[in-house]
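The values are calculated or read from the model by the stated rules, or taken from the named source; none is laboratory data. Quick caveat, the model's predicted, so the values are computed rather than measured. Heads up, the Cβs are rebuilt from the backbone with ideal geometry, glycines too, and the neighbour counts pull from every protein chain shown. Calculation scope for accessible area: heavy atoms of the full protein, side chains included, ligands and nucleic acids excluded. Shrake-Rupley method; radii C 1.70, N 1.55, O 1.52, S 1.80 Å.
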Amino acid sequence: MQSTPVLTDPFQRDVTYLRVSVTDRCDFRCYYCMSEDMTFLPKRDLLTLEELDRMCSTFVEMGVQKLRITGGEPLVRKGIMTFFNAMTRHLESGALKELTLTTNGSQLYRFAQPLFDAGVRRVNVSLDTIDADKFAKITRWGKFKQVMDGLDAADKAGLKIKINAVALKGTNDDELHRLVEWCGQRGYDLTWIEVMPMGDMGDADRLDQYWPLDDVRAELAKRWTLQDIALNTGGPAKYIRVAETGGRIGFITPLTHNFCESCNRVRLTCTGQLFLCLGQEDEADLRAALRDNPDDNAPLQAAIRTAIARKPKGHDFDYSRQKVAGEISRHMSHTGG
Ligand code: SAM
Ligand code: SF4
């Protein structure tokens with residue numbers, strides 16, 4: 001019997017999860033993620049849809065079981081459904097267990113049903129506020145109603161939604177309970193993310209925005225009955241259940257708790273670089289191995305193996321002592337959040 005292939009790193013972690021950024025572009029300009037005058041990559045640098053297919057298919061052949069498509073905003077990439085539809089074959093063969101995406105929700109009103117038809121069952125939608133005015137301030141260019149229509153379309157299509165909210169002191173801290181209630185009513189799980197030191201914003205900005213999730217949890221406990229649940233997604237989130245709503249709340253705390261020991265993921269940028277850790281600069285250029293060998297996958301496989309053998313033990317983000325350490329100059333939209 002043929003055994004399932006596995007990619008194992010030097011710390012005996014099996015790499016089964018690939019996050020793929022399909023574009024660095026976005027129709028929003030969230031203030032903690034992008035500046036308003038972003039310069040984007042020239043199109044020729046991006047992997048084509050065919051190259052994305054070949055790249056992802058190679059990872060799946062080598063043991064990746066979960067693909068998360070992200071960006072920038074993945075649903076603004078032209079022709080993106082061609083790529084999702086191409087990945088359906090791996091779900092059908094059973095090699096791929098899950099095909100999913102992280103989106104700002106702006107295009108879900110038109111893509112929810114096609115995504116479901118391609119085999120997507122769960123979607124992470126990033127939404128930091130349910131106040132339309134605040135939404136306009138945070139996203140700068142986002143249209144709140146369009147996102148709400150997208151969520152309705154996703155519900156209708158049968159997609160399971162998880163809301164991702166970045167915890168932003170002075171911005172959405174007053175909406176904590178309202179968001180929990182709203183997610184409970186709509187049947188959505190909710191994950192809070194600590195703002196990470198990525199992109200070229202000054203230390204002062206980051207520290208002003210930073211709202212530690214231990215504080216978020218303490219605030220939640222004042223109003224809701226929080227039950228610990230043993231849910232391990234192999235990822236950085238820790239989960240609790242809110243007894244009153246039945247909904248789950250996750251906390252992604254790269255800064256207050258180190259989660260690296262169970263890390264099962266690597267990240268591919270839209271230009272074909274493989275980042276082995278979100279919080280480290282170390283990367284491997286897989287695009288050259290792919291483009292230089294159009295008819296032979298062996299060099300790409302070798303490049304992937306060599307890269308995984310270099311996966312570092314963990315990141316070095318640290319906000320202690322009132323300064324930002326371990327800061328990463330690239331934007332989250334480049335590596336794919
Ligand atoms: N555009 C899509 C979206 O917003 O969901 C996908 C890409 S976005 C970079 C992925 C996630 O990263 C979003 O949930 C966003 O809120 C989060 N993010 C962006 N910059 C961040 C930062 N500096 N710290 C923490 N999370 C960040
Ligand atoms: Fe765009 Fe997502 Fe970054 Fe907001 S967080 S600017 S939606 S990539």
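Within region 115-136, restricting attention to residues that are part of a helix (DSSP H, G or I) and closer than 21 Å to residue 86 by Cβ, which residue is farthest from ligand 1 (Cβ to nearest atom)? Across region 115-136, the extreme among qualifying residues is 117. The C-beta contact set for region 28-52 (first residue of a type in the set (Lys, Arg), second residue assigned to a helix (DSSP H, G or I) and within 16 Å of ligand 1 (Cβ to nearest atom), distance under 9 angstrom, 6+ apart or interchain) comprises 29/139.
Among the residues making up region 89-107, a single one is within 16 Å of ligand 2 (Cβ to nearest atom), more than 12 Å from residue 67 (Cα to Cα) and surrounded by fewer than 22 Cβ atoms within 10 Å (Cβ to Cβ): 107. Across region 53-82, which residue is most open to solvent (accessible area, probe 1.4 Å) among those that are hydrophobic (A, V, I, L, M, F, W, C) and more than 16 Å from ligand 1 (Cβ to nearest atom)? The extreme case among them is 81. The residues listed here are 181, 175; of these, the one that is out of contact with any helix residue (DSSP H, G or I) (no Cβ under 9 Å at 6 or more places or on another chain) and in a helix (DSSP H, G or I) is 181.
Can residue 291 be described as under 29 Å from residue 76 (Cα atoms), among the basic types (Lys, Arg) and open to solvent by less than 50 Å² (accessible area, probe 1.4 Å)? Judged against the criteria, residue 291 is not a match. Here 277, 270 are screened, and the one residue that is at pLDDT 80 or above, over 17 Å from residue 53 (Cα atoms) and assigned to a loop (DSSP other than H, G, I, E, B) is 277. Restricting the search to region 6-21, which residues are within 16 Å of ligand 1 (Cβ to nearest atom) and polar (S, T, N, Q)? The one that is within 16 Å of ligand 1 (Cβ to nearest atom) and polar (S, T, N, Q): 21. Before we move on, is residue 110 away from ligand 2 (no atom under 16 Å from the Cβ) and either touching a Cys at 6+ places or on another chain (Cβ under 9 Å) or open to solvent by 20 Å² or more (accessible area, probe 1.4 Å) (or both)? Criteria met by residue 110.
Can you confirm whether region 24-38 contains a residue that is among the charged types (D, E, K, R), at pLDDT 95 or above, within 16 Å of ligand 2 (Cβ to nearest atom) and surrounded by 22 or more Cβ atoms within 10 Å (Cβ to Cβ)? Before you say what the answer is, go through the steps one by one.
Going through region 24-38, the residues among the charged types (D, E, K, R) turn out to be 24-25, 27, 29, 36-37.
Still in the list and also at pLDDT 95 or above: 24-25, 27, 29.
Narrowing further to those that are within 16 Å of ligand 2 (Cβ to nearest atom): 24-25, 27, 29.
This time we only want the ones that are surrounded by 22 or more Cβ atoms within 10 Å (Cβ to Cβ), so: 24.
Within region 24-38, one or more residues are among the charged types (D, E, K, R), at pLDDT 95 or above, within 16 Å of ligand 2 (Cβ to nearest atom) and surrounded by 22 or more Cβ atoms within 10 Å (Cβ to Cβ).
Flag set for residue 230, criterion: modelled with pLDDT under 95, in a loop (DSSP other than H, G, I, E, B), open to solvent by 30 Å² or more (accessible area, probe 1.4 Å) and out of contact with any helix residue (DSSP H, G or I) (no Cβ under 9 Å at 6 or more places or on another chain).
Within region 87-114, residues that are free of Cβ contacts under 8 Å to residues at least 60 places away in the same chain and within 16 Å of ligand 1 (Cβ to nearest atom) sit with their Cβ atoms under 6 Å from residues that are outside any helix (DSSP H, G or I) and open to solvent by 40 Å² or more (accessible area, probe 1.4 Å), at 6+ positions apart or across chains, in these pairs: 100/122. For beta carbons closer than 7 Å, sequence separation of 6+ or different chains, a first residue in region 57-76 that is farther than 11 Å from residue 87 by Cα and a second that is of a type in the set (Ser, Thr, Tyr) and assigned to a helix (DSSP H, G or I), the qualifying pairs are 71/333; 72/333.
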